Amino acid sequence: MKQTLKKLVETFGPSGHEQAVRDVINSLVSECADEIRTDALGNLIVRKKGSGKKVMLAAHMDEIGLIVSYIDKNGFARINPVGGVRTLYEVCGRVLFENGTVGVIGMEKMGGSSQAPPIEKLFVDVAASSPETCPVRVGDVGCFLQPMVQTGGHLTAKAMDDRVGCAILIEVIRKLKVSPYDLYFVFSAQEEVGTRGAVTSAFGIRPDVGIAVDVTLTGDTPEPQVKMAVSLDKGPAIKVKDSGMLATPWVKDWMIDTAESGKIPYQLEVLLGGTTDARAIQTSRAGVPVGCLSVPCRYVHSPSETVSYADVRHTVKLLAALLSSPVHPRLA
Ligand code: CO
Ligand code: ZN
């Protein structure tokens with residue numbers, strides 16, 4: 001599974017440009033799928049057919065990125081964010097553009113300020129000296145260039161948000177032989193720009209219940225950005241609430257009961273900011289019950305998003321247990 005994850009996180013895939021990620025996933029799951037299709041927005045939908053109620057699982061393929069807004073007179077590419085980019089995490093990083101160009105992110109002088117720079121202060125140095133010689137053009141998108149590394153039990157990479165969720169769904173697709181449900185695994189597009197892929201895929205699938213698998217923040221580093229109860233290495237976080245979604249109580253309880261009876265470690269998550277595909281599923285059509293399993297992740301939206309491999313394995317175990325017999329009474 002580590003090899004799958006390494007392949008996924010190192011693949012290029014900012015929002016709206018998920019093609020390469022979709023190809024990797026397709027090659028890994030096609031022989032285990034009863035149906036597989038890509039919809040107009042770019043979601044990859046993998047069905048494992050069953051006679052029971054429809055369960056939609058969602059993990060997003062896209063990652064945050066940068067888009068060229070203009071090339072200045074000295075050949076530096078100026079950029080806008082794609083998704084929740086934090087400029088502090090960008091400075092002096094390397095950007096890979098879709099055409100293979102690699103640039104370094106520089107920053108204009110800031111006059112003694114220790115605050116995060118506004119995006120207008122950043123530029124991408126692609127070794128050009130004029131707009132004419134610049135190897136990228138307006139509208140080109142880029143993402144971090146960063147290999148995955150392992151330190152102790154932790155894995156660090158760009159795009160762990162949410163290729164780790166994709167890797168978990170892939171593992172469940174390959175491991176789960178029978179399920180009492182009709183399963184739709186959605187590898188969604190454009191989550192980072194407003195859960196857009198989940199909006200269209202949930203509408204098309206009409207699920208009876210939805211579960212998103214995504215990362216969440218942690219409160220376990222020195223003076224953390226947010227104070228919260230989630231830590232690395234303590235198991236998957238069962239989401240109770242984030243800024244866009246209140247988990248449907250019976251779905252949350254189903255997750256808790258399944259973890260407890262399977263002796264799988266878990267934590268409860270209340271996240272102050274951000275949301276996931278579960279929000280889009282919950283508010284689709286006339287409303288759908290939803291829950292979300294989160295993989296705790298340090299340094300989210302940076303080139304060094306860090307997760308615990310034990311947490312990843314436990315998330316696979318919990319998701320597989322949820323999708324196995326017995327059928328939940330609400331889904332009978
Ligand atoms: Co994200
Ligand atoms: Zn995410």
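When segment 215-233 is filtered for residues that are within 14 Å of ligand 2 (Cβ to nearest atom) and either out of contact with any strand residue (DSSP E or B) (no Cβ under 6 Å at 6 or more places or on another chain) or not assigned by TED's automatic domain parsing to the domain that holds residue 281 (or both), only 217 remains.
Looking across 240, 199, one residue alone is more than 16 Å from ligand 2 (Cβ to nearest atom), within 23 Å of residue 84 (Cβ to Cβ) and β-branched (Val, Ile, Thr). It is 240. Inside segment 234-260, residues that are surrounded by fewer than 18 Cβ atoms within 10 Å (Cβ to Cβ), in contact (Cβ under 8 Å) with a residue 12 or more places away in the chain and out of contact with any Gly (no Cβ under 7 Å at 6 or more places or on another chain) make up a count of 5.
Filtering segment 45-82 to residues that are among the aliphatic types (A, V, I, L, M) and more than 16 Å from ligand 2 (Cβ to nearest atom) leaves 45, 46, 55, 56, 66, 67, 68, 71, 77, 79.
Of the residues 316, 300, the single one that is of a type outside the set (Lys, Arg) and not in a helix (DSSP H, G or I) is 300.
Output yes when any residue across segment 214-222 is in a loop (DSSP other than H, G, I, E, B), within 16 Å of ligand 1 (Cβ to nearest atom) and aliphatic (A, V, I, L, M), and no when none is. Scanning segment 214-222, I find at least one residue that is in a loop (DSSP other than H, G, I, E, B), within 16 Å of ligand 1 (Cβ to nearest atom) and aliphatic (A, V, I, L, M), so the answer is yes.
Only residues that are under 25 Å from residue 50 (Cβ atoms), in contact with a helix residue (DSSP H, G or I) (Cβ under 9 Å, 6 or more places away or on another chain) and not acidic (Asp, Glu) were counted in segment 206-222, giving 6. Residue pairs whose Cβ atoms lie under 6 Å apart, sitting 6 or more positions apart in sequence or on different chains, and linking a residue in segment 277-302 that is touching a residue at least 24 places away in the same chain (Cβ under 8 Å) and within 14 Å of ligand 1 (Cβ to nearest atom) to a partner that is of a type in the set (Asp, Glu) and part of a loop (DSSP other than H, G, I, E, B), are 277/191. Of all residues in segment 1-40, those satisfying the criterion of being within 30 Å of residue 51 (Cβ to Cβ), without any contact (Cβ under 8 Å) to a residue 40 or more places away in the chain and of a type outside the set (A, V, I, L, M) are 26, 27, 30, 31, 34, 35, 37, 38. Scanning segment 18-63 for residues that are surrounded by fewer than 24 Cβ atoms within 10 Å (Cβ to Cβ), touching a Pro at 6+ places or on another chain (Cβ under 7 Å) and not basic (Lys, Arg) yields 50, 52.
Take residue 195 and tell me if it is modelled with pLDDT of 95 or more and either touching a Leu at 6+ places or on another chain (Cβ under 9 Å) or surrounded by fewer than 21 Cβ atoms within 10 Å (Cβ to Cβ) (or both).
no
Considered as a group, the residues in segment 174-203 that are among the acidic types (Asp, Glu) and in a loop (DSSP other than H, G, I, E, B) include one that is nearest to ligand 1 (Cβ to nearest atom), and that residue is 192. Report, ordered by the first and then the second residue, all pairs with beta carbons closer than 6 Å, sequence separation of six or more or different chains, a first member in segment 193-220 that is in contact (Cβ under 8 Å) with a residue 60 or more places away in the chain, and a second member that is of a type in the set (Ser, Thr, Tyr) and assigned to a loop (DSSP other than H, G, I, E, B). Pairs that qualify, where the first residue is in contact (Cβ under 8 Å) with a residue 60 or more places away in the chain and the partner is of a type in the set (Ser, Thr, Tyr) and assigned to a loop (DSSP other than H, G, I, E, B), are 193/15; 202/284; 203/284; 212/276; 214/276; 218/231; 220/231. Applying the condition of being in contact (Cβ under 8 Å) with a residue 24 or more places away in the chain and assigned to a strand (DSSP E or B) to segment 131-156 and asking which residue is surrounded by the fewest Cβ atoms within 10 Å (Cβ to Cβ) yields 150. The single residue among 85, 104, 95 that is within 16 Å of ligand 2 (Cβ to nearest atom) and not assigned by TED's automatic domain parsing to the domain that holds residue 301 turns out to be 85.
The values are calculated or read from the model by the stated rules, or taken from the named source; none is laboratory data. Note that the structure is predicted; figures quoted are calculated from it, not measured. Positions of Cβ are generated from backbone atoms using ideal geometry, with glycine treated the same way; all protein chains shown enter the neighbour counts.
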